[in-house]
Every structure is written in C-alpha cells, then in structure tokens.
Amino acid sequence: MVLGGDLPEYLHNIDKQADELYNVMYNKLSKKKEYQKTQDYIKNIQIENEIQKLIEEEILNELVYV
C-alpha cells in the first residue's frame, strides 16, 4: 500500500466510515432512556463519556481490528 500510494486514500476512507458510524451510533444511543440528559451537569458528562466509550469500542472492532 505504501509503495502504491494507496495508503492516504485508504486511511481517508476509514476516517469517513468512522465518522459515519459515530454519528449513527450517537443518534441511536442518545435516544435510549439510560443515556438521556438530566438536570445534573456531572451526570450528563458521565453519560456523554459512556456513549463515547461505547462508540469508540465499536469503531475499533468494526473498522480498525478487522
């Protein structure tokens, strides 16, 4: 790949797929009852961190570790 010059294009595709998967999963997870925002700022931060962690794990499993 490196010698053929395909690596930048390949990495750009992976990045686009990761962004799309992130957006889809964030929309789905943020609608679930356990991830909905509350009046507590700290709880909202914890919820956002949990959502981000779940999405990052999925992206790694689906796109990177394949």
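Values as computed for the structure displayed
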| item | result |
| --- | --- |
| Residue check, Gln36 surrounded by 10 or more Cβ atoms within 10 Å (Cβ to Cβ), of a type in the set (S, T, N, Q) and in contact with a Ser or Thr (Cβ under 9 Å, 6 or more places away or on another chain) | yes |
| Filter result for the condition that a residue is touching a residue at least 40 places away in the same chain (Cβ under 8 Å) and either in a helix (DSSP H, G or I) or open to solvent by less than 90 Å² (accessible area, probe 1.4 Å) (or both), over Leu63, Leu29, Leu54 | Leu63 |
| Meets criteria (modelled with pLDDT of 90 or more, open to solvent by 90 Å² or more (accessible area, probe 1.4 Å), in contact with a helix residue (DSSP H, G or I) (Cβ under 7 Å, 6 or more places away or on another chain) and not in a loop (DSSP other than H, G, I, E, B)) for Glu20 | no |
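The values are calculated or read from the model by the stated rules, or taken from the named source; none is laboratory data. These numbers come from a predicted model, not from an experiment. Virtual Cβ from ideal backbone geometry, glycine too; neighbours counted across all protein chains shown. Accessible surface is based on the protein model in full, side chains and every heavy atom, while ligands, DNA and RNA are left aside. Shrake-Rupley method; radii C 1.70, N 1.55, O 1.52, S 1.80 Å.
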